[in-house]
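Below is one structure; the comments refer to it alone.
The values are calculated or read from the model by the stated rules, or taken from the named source; none is laboratory data. Everything numeric in this text was worked out from a predicted model, so none of it was measured. Reconstructed Cβ throughout: ideal geometry from the backbone, glycine too, with neighbour counts over all protein chains shown. The area values use the complete protein model at the heavy-atom level, side chains included, leaving out ligands, DNA and RNA. Shrake-Rupley method; radii C 1.70, N 1.55, O 1.52, S 1.80 Å.
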Amino acid sequence: MSENLLPLPGDLVAFITEWKPKPGNLVMVLHRVQETYGYIPHEVVVEVSRLLEMPLAKIYGVVTFYHFFSLKKPGKHKIAVCMGTACYLKGGQALLDEIASILQCHAGEVSEDGKFSVDSVRCIGCCGLAPVLTIDGKVYGDLTPAKIAGLIAPFQNES
Ligand code: FES
C-alpha cells in the first residue's frame, strides 16, 4: 500500500487514518504530530494533507491560529524564563536579556547552533524562588544575570 512509502512512523499513519472520519480530526492529528516531532515539520503537513484529503492552506491556517503549535524545530535544550509577576518584579527581564546577549537568541527563538530554545513563560508556581527559569523542565531559582553564564555553560559545552 502507498502508506508504506510515507516517511511517517506507522503508528502516526494509523492514528491519522483512525481520526480521518471523526470531527476535530485535524487538531487531534496536529497534536500527535507535534508530540512525535516536537514541532510541525512541513513535509509532515504535506503527508497529513494527503492522508486527510485536506488542503495545505487549511492545515496551516489551524497551525498558525493556535499558539500551542510550532512550525520551528525546537532547540536541543529548552530554556523557559518565568515572567510571572513575582519573577518579573525580581528581574526576570534582566535574565532574559542576559540569555539573549550570551546566546544571541531572544524569547521565542532557537539559537543559531540549534542547542537552545528560549521562551518566556507565565508563573510556574515557584514564586518563593523568584526570579526563576527552567532548563529542560528543571527549575533554577534565586537567579541574577551574573549566574546565567555559569548555568548554561555545561549545556553549551556538551558535544
Ligand atoms: S512568578 Fe515566577 S514562579 Fe511565580
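Only one of the listed residues (46, 29) is in a helix (DSSP H, G or I) and crowded, with 17+ Cβ neighbours inside 10 Å. That residue is 29. The condition (being open to solvent by less than 70 Å² (accessible area, probe 1.4 Å), more than 14 Å from the ligand (Cβ to nearest atom), small (Gly, Ala, Ser) and out of contact with any helix residue (DSSP H, G or I) (no Cβ under 6 Å at 6 or more places or on another chain)) is satisfied by just one residue among 117, 111: 117. Contact annotation: residue pairs with Cβ atoms under 7 Å, 6 or more positions apart or on different chains, pairing a residue in the stretch 87-107 that is away from the ligand (no atom under 16 Å from the Cβ) and part of a helix (DSSP H, G or I) with a partner that is of a type outside the set (S, T, N, Q) and open to solvent by less than 10 Å² (accessible area, probe 1.4 Å), are 98/148; 102/148; 102/152; 103/116; 103/118. Residues of the stretch 6-16 include none that is modelled with pLDDT of 95 or more, more than 27 Å from residue 108 (Cβ to Cβ), surrounded by fewer than 15 Cβ atoms within 10 Å (Cβ to Cβ) and not hydrophobic (A, V, I, L, M, F, W, C).
Pairs meeting the criteria (first residue in the stretch 5-29 and farther than 15 Å from residue 53 by Cα, second residue among the polar types (S, T, N, Q) and exposed (fewer than 12 other Cβ atoms within 10 Å of the Cβ), beta carbons under 9 Å, at least 6 apart or on different chains) are 10/4.
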